[in-house]
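This report refers to the structure that appears directly beneath it.
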Amino acid sequence: MSETLFSKIIDREIPADIIYEDEQCLAFRDINPQAPVHFLVIPKKPIPKLSDATEEDQALLGHLLLVGNQVAAREGLEDFRVNVNNGASASQAVFHLHVHVMGGRPFNWPPG
Ligand code: 5GP
């Protein structure tokens, strides 16, 4: 499995503003925020994209969402958007699964 930017953040090889960590995952602020609050929740397991996850990852995927909830609440967010880009044509740029959590402004639907 090729090393990505996000595995380097997990290994503290490059800096990030880490706002949550446990044995399964990490949350850190996005370097190019698209909202007043924008953080990413990533598994420590290097799953390249959501569609690579298997039954074995079921609890881990749920955990990422619950950590997103917990950190969003801690950041003072009541309403927020949760987004996963799966694959290059869906705008995924970093091939280590990540859940975007954004809040602090209104969001439109459909997103475009
Ligand atoms: P994607 O387009 O793959 O869903 O999202 C990747 C996200 O990672 C982007 O929102 C981008 O701003 C963020 N990002 C890329 N490189 C870094 C980095 O080195 N540090 C942090 N904190 N965020 C990054």
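Seen through its C-alpha gyration tensor, with square-root eigenvalues sorted a ≥ b ≥ c, segment 70-112 comes out oblate because a/c lies at 1.5 or above while a/b is not bigger than b/c. In the chain, helices alone account for a calculated mean residue ellipticity at 222 nm of -6500 deg cm²/dmol, with every DSSP H run of four or more residues adding -39,500 (n - 2.57). Rolling a 1.4 angstrom probe over the chain with all protein chains present gives an accessible area of which 53% lies on carbon and sulfur atoms.
Given an 8 Å cut-off on Cα distances and at least 6 residues of separation, report the relative contact order of the chain as a percent.
30
Hey, can you find the accessible area per residue of segment 6-112 for me, probe 1.4 Å, expressed in square angstrom? Mind showing how you got there, number by number?
Numbers: 6190 Å² over 107 residues.
Accessible area per residue: 58 Å².
Net charge in the neighbourhood of residue 24 (other residues with Cβ under 12 Å of its Cβ; Lys, Arg +1, Asp, Glu -1) is -2.
Once backbone amide H atoms are built at 1.01 Å from N, residue 19 has 27, 28, 29 as its partners under 5 Å, excluding neighbours fewer than 5 places away on the same chain. Here segment 69-89 is scanned for amide nitrogen atoms under 20 Å from the site 7 Å beyond the Cα of residue 21 along Cα-to-Cβ, giving 69-72, 74-75.
For the chain, build the charge dipole from Cβ charges (+1 Lys, Arg; -1 Asp, Glu) around the Cα centre, then report which of 47, 15, 58 sits farthest towards its positive end. The one lying farthest along the dipole's positive direction is 15.
The values are calculated or read from the model by the stated rules, or taken from the named source; none is laboratory data. Note that the structure is a prediction, hence the values are computed from the model and not measured. Note that each Cβ is placed from the backbone with ideal geometry, even for glycine, and that neighbours are counted across all protein chains shown. Keep in mind that these areas ignore ligands, DNA and RNA; they rest on the heavy atoms of the full protein, side chains included. Shrake-Rupley method; radii C 1.70, N 1.55, O 1.52, S 1.80 Å.
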